[in-house]
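Below: one structure, written as structure tokens.
The values are calculated or read from the model by the stated rules, or taken from the named source; none is laboratory data. Computed from a predicted model, the values in this text were never measured in an experiment. Quick reminder, even Gly has a Cβ in these numbers, built from the backbone with ideal geometry, and neighbours come from all protein chains shown. Remember, those area values only see protein heavy atoms, side chains included, never the ligands or the DNA or RNA. Shrake-Rupley method; radii C 1.70, N 1.55, O 1.52, S 1.80 Å.
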Amino acid sequence: MGTTYSIQVVDTRLSPAERREWHEEIDALLEDLNRQMSVHRPDSEISAFNRHASMEPMEVSAGFRHVVARALELAERTGGAFDPTLGPLVRLWGFGPDGPGDGHPTPEAIADARRKTGYRHLSLTEDGRLMKHLPELELDLGGIAKGYGVDRVADLLRAHGATRFLVEIGGEVLAEGTNVRGEPWRIGVQRPVVGPATDAGFQSIVPLTDGRALATSGDYRQFRHATDGRILSHIIAPRTGEPAGMATASVTVWAGDALTADALATALVVLGPGEGLPLLAASFPEVEALFILRRADGAFDTTATPGFPAPTSAGGAARHEHGCPAPPH
Ligand code: ADP
Ligand code: MG
């Protein structure tokens, strides 16, 4: 997935041999997900589907099918703000494997790429095959796959009997039980200062426990500069085909599973608090979100749903490293 992971388990009974065994199983699980959903691998299922320039439905593995079904559901429920078919636009704005252009695609090029996108052109057949209604359609699960990976790793740990752990892939996290001090895990939400991973500090520290997940999306790690110095986010607003605006610097979503949190964080960067907060209140009452907003003077404001977990006192938080130095996914 072009990123790193970290897992902490609080369990004094674990022998070194067991630890090795768990580690190997986790690596195998993540390797499996890459084989299904990584657009960086030409031999992955997603790459095969993207090359499949035909409306003939394609057989895919169960995990892949599940993620596509959830992606389509969340696309529908966010009014298309989350859209897993934006690959041509992601590339056009310079976040694909071909690297950056000048950051100034022509309106014609944007219109042309938009014609090849749209989650409505994608469906699952009754027998569970994946079908394009436009031969050029592509899937990009970069906004949801890490969250799914976190959920799967958590399932694996639970199957081994673990009851106290923290799973993190590329900044998306899920916590079960309590940390080594017997308290809820503490997750630092980085202050969204634009640039490489720095010590900008935490905007907030969120307590996390009981199998809840936290995901952050933003423009402050994965971005590029256009030739005129403008900052371009790697999150695309489907309605315009352009990078999402800079007013919403980051969104952190608290949800019952990491896949939902990951996808909604991406969607809420597109929607901003103006549209995002009403959408959450109306359609996702069980989900909480923290928006960090960039002011004209460079400082940050925050706004959140009423139920967003109250920050614990600062210091000693597990690092919630958002984004990654590796190639964008
Ligand atoms: P991060 O990888 O930093 O956690 P996200 O979870 O927000 O970020 O995922 C961003 C990735 O999702 C982009 O790199 C791109 O591949 C894809 N993407 C961009 N815009 C959208 C969108 N509106 N809906 C769904 N996926 C998107
Ligand atoms: Mg996401």
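Membrane-span-like helices in the chain: DSSP H runs reaching 20 Å or more (Cα, own axis), mean Kyte hydropathy at least 0.5? Flagged H segments are 258-283. By its C-alpha gyration tensor, with a ≥ b ≥ c as the square roots of the eigenvalues, how is the chain shaped: rounded for a/c under 1.5, else prolate for a/b larger than b/c, else oblate? Here the chain falls in the oblate category. Reducing the stretch 136-196 and the stretch 261-316 to their Cα centroids gives an inter-centroid distance of 18 Å.
In the elastic network of the chain, a GNM with C-alpha springs shorter than 10 Å, the most mobile of ALA17, ALA263, ALA175 is ALA17. Computed about its Cα centre, the charge dipole of the chain is approximately 500 debye, with only Lys, Arg, Asp and Glu carrying charge at their Cβ. For the chain, with a Gaussian network of springs between Cα atoms less than 10 Å apart, report the residue from GLY274, GLY307, GLY96 with the top mean-square fluctuation. Greatest mean-square fluctuation among the candidates belongs to GLY274.
Of the residues PRO42, GLY118, GLY99, the one whose Cα sits farthest toward the positive end of the charge dipole of the stretch 1-154, with +1 on the Cβ of Lys and Arg and -1 on the Cβ of Asp and Glu, is GLY118. For the chain, the carbon plus sulfur part of the accessible surface works out to 54%, probe radius 1.4 Å. Across all directions, the average projected area of the convex hull around the alpha carbons of the stretch 45-89 is 3.6 nm².
Both numbers refer to the Cα atoms of the stretch 134-179; Rg and Dmax are 14.3, 49 Å. Counting every pair of alpha carbons in the stretch 1-128, the share spaced more than 26 Å apart comes to 38 percent.
Using the charge dipole of the chain (Lys, Arg: +1 at Cβ; Asp, Glu: -1 at Cβ; taken about the Cα centre), state which of ALA263, LEU130, LEU141 has its Cα farthest towards the positive end. About the Cα centre, the residue reaching furthest to the positive side is ALA263. Across ARG239, ARG35, ARG70, mean-square fluctuation computed from a Gaussian network of the chain (C-alpha pairs under 10 Å connected) peaks at ARG239. This model, with +1 at the C-beta of Lys and Arg and -1 at the C-beta of Asp and Glu, gives the stretch 1-159 a dipole about its Cα centre of some 280 debye. In terms of its C-alpha gyration tensor, the stretch 224-307 has a prolate overall shape, because the principal axis ratio a/c (a ≥ b ≥ c, square roots of the eigenvalues) is not below 1.5 and a/b outweighs b/c.
Probing with 1.4 Å while keeping every protein chain in the model, the per residue accessible area of the chain equals 43 Å².
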